[in-house]
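Report on one structure; see the data block that follows.
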Amino acid sequence: MTALDPRPEMDLDGAPSRREPIPLYDADDHGRVELPPLLPWHRRIWATKRLMHHNRLAVTMLAINAALAVYAIGPGGWFQGDIALEAVANVAIVNLTVAIGIRQQHVINLLFRVATAAPTSWPLSIRRVLGKVYHFGGVHVGGAIAGSLWFVVLLGSLGWHAATDRPGVSTGLIVVAAGLAALLGALIGFSIPTFRAAHHDLFERMHRFGGWMSLALFWVFTILFIDAGRGSTALGTAVGSSLGVWLLALVTLSVALPWMRLKKVPVDIERPSDHVALARFDYGETPFAGSSTTLSRNPLLEWHSFANVPSPDRSGFRLTISRAGDWTGQFIDDMPSHVWVKGITTAGVGNVDRLFTRVVWVATGSGIGPTLPHLLAQEVPAHLVWATRDPWTTYGQGLVDEILDVEPNATFWDTTAKGKPDMVKLTWQAVQAFDAEAVICISNKTLTWKVVEGMERRGIPAYGAIWDS
């Protein structure tokens, strides 16, 4: 009888036995696996956390702005005589527009669509870099920091114009600019990774409400700024020809779009164990594999993102919600009948699988949620390595059978029975046995980076969430 036979095997007492995968290799032997040598230092240094693509993009944004600052101080002549206030203001708003726009859901989906359009016939060296598309948050960070610094320069320039009785400034303009600069500084301060990790709810609320407030203040500032420097030009004409106004309108639309799709929808919840809830939605949306949906029970206070699990033969989708904090714990215990959703389904890191001919998926615990839709889609040959507490008891025989239907050779590592494995060695063993081009890891922050770095430092393209949102 094969693993794909729909008839359950029977124990001696006539009861159905749980279905097991047919292993490709002896996973229990992974401890004795010899890892390949590390790449030479000048190549493996780029696989370290500090030099990941996210940080490189942030530094690139700052470097571009530094070069522009050198030009402005020197050949550009922005700070000679009357300061070129409009030029400084435009640079600030352009940076902030890029920072906000790069995180717009339609933009994210477009980035993934373009990056993953490369055929697998392209050299692996190119495809592995395209797979880092999800590091786009570095542009957000670099643009936000640069835009805020340029705005501080603008505030100082307005103060100097006021102190020397030069044109283009008013008391109200300086007051609003000072408040806005303070708010931008607070937003950056609350976004520092160590603070954000320790006070995530506070960071999220500050980002939401502080972001809305800063957008409103930017509108006030921009109108006052235009009015102070328009001379004899009619205010309406000056507003209509202002780059800042058009960029602010674009940012406002970008921020408003997800909220224009806010709705409360019904949810059916199955709870195979106290650790997991399998939530099913069918409200007219069937998202693509590798996308995510954000949920809330109080839309003004907090939102939580989960990977969509669409079924190829059924409308709607499922979410695998694991107990990982107060919100998820309450969701599992209370099992609400309705929740709030907003925005559009958004591409996630797993979408990079289509850049490769064969992929090893590494998941721990509820990381099976983001992994499962890719396995079900069967668009890319894949092998699953899943380390979790007793998968049959925790997630239910139905979900396990669904995995085995499409991946009968999956590697299940039961941490309840076997303890925690060496995930780097287990992953390497899978890569060799499956002849995979790349690894995608869906796990907690520490283990994800351990697996990604462990593979990348040995020359295997590896991908995993970087928790930059």
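Annotations
- Normalised alpha carbon radius of gyration of the stretch 98-242 [divisor 2.2 N^0.38 Å]: 1.37
- The charge dipole of the chain, taken about its Cα centre with unit charges on the Cβ of Lys, Arg, Asp and Glu (plus for the first two, minus for the last two), comes to roughly 1380 debye.
- Here, the chain yields an orientationally averaged convex hull projection of 26.6 nm² when only Cα atoms define the hull.
- Cβ-placed point charges (K, R +1; D, E -1), dipole of the stretch 12-121 about Cα centre in debye, nearest 20: 180 debye
- Percent accessible area from carbon and sulfur atoms, the stretch 58-150, protein chains only, probe 1.4 Å: 74 percent
- Helix 397-406 axis versus longest C-alpha principal axis of the chain: approximately 90°, rounded to the nearest ten.
- Unit charges at the beta carbon, dipole of the stretch 80-188: most positive-side option, Ala162, Pro119, Gly172: Pro119
- Cα gyration tensor category, rounded, prolate or oblate, for the stretch 379-441 with a/c compared to 1.5: oblate
- Spatial separation of Cα centroids for the stretch 316-340 and the stretch 390-469, in angstrom: 24 Å
- For the listed peptides 202-210, 420-428, a ranking on the average number of other beta carbons within 10 Å per residue, highest first, reads 420-428, 202-210.
- Cα shape, the stretch 342-410, gyration tensor, a/c 1.5 rule: oblate
- Once the Cα atoms are used to define both axes, helix 243-260 deviates from the longest principal axis of the chain by about 30 degrees.
- Options His42, Val439, Leu248, ranked by Cα towards positive dipole end of the chain, top entry (Cβ charges): Leu248
- Enclosing the Cα atoms of the stretch 175-282 in their convex hull gives a volume equal to 141 cubic angstrom per residue.
- The chain: Lys pairs at Cα distance under 17 angstrom, eight or more positions apart or on different chains: 10
- Helix-only mean residue ellipticity at 222 nm for the chain, each DSSP H run of n ≥ 4 adding -39500 (n - 2.57), per residue, nearest 500: -15000 deg cm²/dmol
- Computed from Cα positions, the angle between helix 445-456 and the longest principal axis of the chain comes to roughly 80 degrees.
- Charge dipole of the stretch 67-204 about the Cα centre (unit charges at C-beta), most positive-ward option of Ala69, Asn109, Asn90: Asn109
- Simple Cβ-charge dipole of the stretch 166-260, Lys/Arg +1 and Asp/Glu -1, about Cα centre, in debye nearest 20: 100 debye
The values are calculated or read from the model by the stated rules, or taken from the named source; none is laboratory data. In this text the structure is predicted, and so the values were computed from the model without any measurement. Here Cβ is always computed from backbone atoms with ideal geometry, including for glycine, and neighbour counts include all displayed protein chains. Note: areas computed on protein heavy atoms with side chains; ligands, DNA, RNA excluded. Shrake-Rupley method; radii C 1.70, N 1.55, O 1.52, S 1.80 Å.
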